[in-house]
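All remarks here apply to the structure that follows.
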Amino acid sequence: APHPTTLLPYAERIKLHSNPTARRILEIMDRKKTNLAVSVDVTSAAEALEVVKRVGASVCMVKTHCDIFEDFSPAFTEELVRLSKELDFVIFEDRKFADIGNTVSLQYSSGVHKIASWSDLTNAHPVPGPGIIKGLATVGQPLGRGLLLLAEMSSAGSLAVGGYTEQTFDMARKAGRDFVIGFIAQNRVDKDASPEKGEDWLIMSPGVGLAAKGDSLGQQYRTPREVVIEAGADVIIVGRGIYGVQGGEQAVKDEAERYRVEGWKAYEERLAR
Ligand code: S5P
């Protein structure tokens, strides 16, 4: 049987969340009819902003890796935040924190990147234990930010499987949903969470592509239909499949729209089961 959460419209799940970022994501998804997140993994901040302008209308979220930009600057994040308001999307810095609570709180708040000051959402590996959530929450929760735990990965040979994945869900549950709002995962890892009891988690899945099956470094792709209908994920995350498409600026814009339509059709189909 399908997971009960997957039978609920995004709009009906808003009220099941207290975290402002979770609510905003679901509101945007409903308003813009999109479950697409675009990962802008280019090395020039200027180029990243160009991609964001092309895809912004089609997405609920823009995902960054701020440490790959050659020309990272506060002006870049200022412009990204401005675009996130103008074009109505959430910013997700895919930092994959993985250290003790004290260290991650500094990595999140400080340094060159000051991630918490501009990114609505970030993520963490549960491997250090619940202190990582506490450390990040001291910084992010007062700002209304959200956190995803990596419960599974898309890459071949990932160690985040089985008991690790189950314990990740248990860790999130124990932490509560004030700050942790969901998971990076390949499946509906929130197994016995019941929306009837008010418990709702957001599942976001990378490793999505319509053309390629994978890359030479272990990445594995599934189609939006496989991810949204079969696996029951809420958000599809697409990188190279969109920003890497040949044919220039218009092609990137068109490809984002193609993935938005695919993802939304799959969502409507899953509701109709
Ligand atoms: O398991 C994962 C988790 C993440 S966040 N697998 C992933 O690929 N990602 C990220 O999603 C990865 O860091 C990259 O930014 C994006 C996938 O990019 P693509 O070009 O393969 O679509």
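Being polar (S, T, N, Q) and assigned to a loop (DSSP other than H, G, I, E, B) is true for just one of Ser158, Ser105, Ser84. Which residue is that? The conditions single out Ser158. When the range 188-208 is limited to residues that are in a loop (DSSP other than H, G, I, E, B) and touching a strand residue (DSSP E or B) at 6+ places or on another chain (Cβ under 8 Å), the one that is surrounded by the most Cβ atoms within 10 Å (Cβ to Cβ) turns out to be Trp201. Filtered by the rule that a residue be touching a residue at least 60 places away in the same chain (Cβ under 8 Å) and surrounded by fewer than 21 Cβ atoms within 10 Å (Cβ to Cβ), the range 178-187 gives a lone residue, Asp178.
Scan the range 209-226 and give yes if some residue there is aliphatic (A, V, I, L, M) and crowded, with 24+ Cβ neighbours inside 10 Å, otherwise no. No, there is no match, as no residue in the range 209-226 is aliphatic (A, V, I, L, M) and crowded, with 24+ Cβ neighbours inside 10 Å. Taken together, the criteria place Thr122 among residues that are touching a helix residue (DSSP H, G or I) at 6+ places or on another chain (Cβ under 7 Å) and either within 16 Å of the ligand (Cβ to nearest atom) or over 21 Å from Ile14 (Cβ atoms) (or both).
State all residues of the range 90-110 that are more than 16 Å from the ligand (Cβ to nearest atom) and either within 18 Å of the chain's Cα centre (by Cα) or aromatic (Phe, Trp, Tyr) (or both); if no residue qualifies, say none. Within the range 90-110, just Tyr108 meets the criteria. For Ser216, the criteria (1) touching a residue at least 40 places away in the same chain (Cβ under 8 Å); (2) within 12 Å of the ligand (Cβ to nearest atom) hold in every case but one, which is (1).
Exactly one residue among Ala172, Ala160 is near the ligand (Cβ under 9 Å from one of its atoms) and within 19 Å of Thr122 (Cα to Cα), and that residue is Ala160. Out of curiosity, is Ala57 within 16 Å of the ligand (Cβ to nearest atom) and over 15 Å from the mean Cα position of the chain (by Cα)? So Ala57 does not fit the description; no.
Restricted to the range 227-249, and to residues there that are without any contact (Cβ under 8 Å) to a residue 12 or more places away in the chain and away from the ligand (no atom under 16 Å from the Cβ), the residue that is surrounded by the most Cβ atoms within 10 Å (Cβ to Cβ) is Glu230.
Within the set Gln250, Gln246, Gln219, the sole residue that is under 15 Å from Glu152 (Cα atoms) and of a type outside the set (Gly, Ala, Ser) turns out to be Gln219. What do you reckon, is Asp41 in a helix (DSSP H, G or I) and closer than 26 Å to His125 by Cβ? It is false that Asp41 is in a helix (DSSP H, G or I) and closer than 26 Å to His125 by Cβ.
Any chance the range 128-149 includes a residue that's in contact (Cβ under 8 Å) with a residue 60 or more places away in the chain, under 15 Å from the mean Cα position of the chain (by Cα), crowded, with 17+ Cβ neighbours inside 10 Å and within 16 Å of the ligand (Cβ to nearest atom)? The answer is yes; a qualifying residue exists.
Restricting Ser119, Ser44, Ser110 to residues that are at pLDDT 95 or above and either touching a Pro at 6+ places or on another chain (Cβ under 8 Å) or crowded, with 16+ Cβ neighbours inside 10 Å (or both) narrows the list to Ser119.
Here is the figure for the range 186-209: residues that are among the hydrophobic types (A, V, I, L, M, F, W, C) and within 11 Å of the ligand (Cβ to nearest atom) total 2.
The values are calculated or read from the model by the stated rules, or taken from the named source; none is laboratory data. It should be emphasised that the depicted structure is a prediction, and the values quoted were computed from it without experimental measurement. Please note: Cβ atoms are built from the backbone with ideal geometry, for glycine as well, and neighbour counts cover all protein chains shown.
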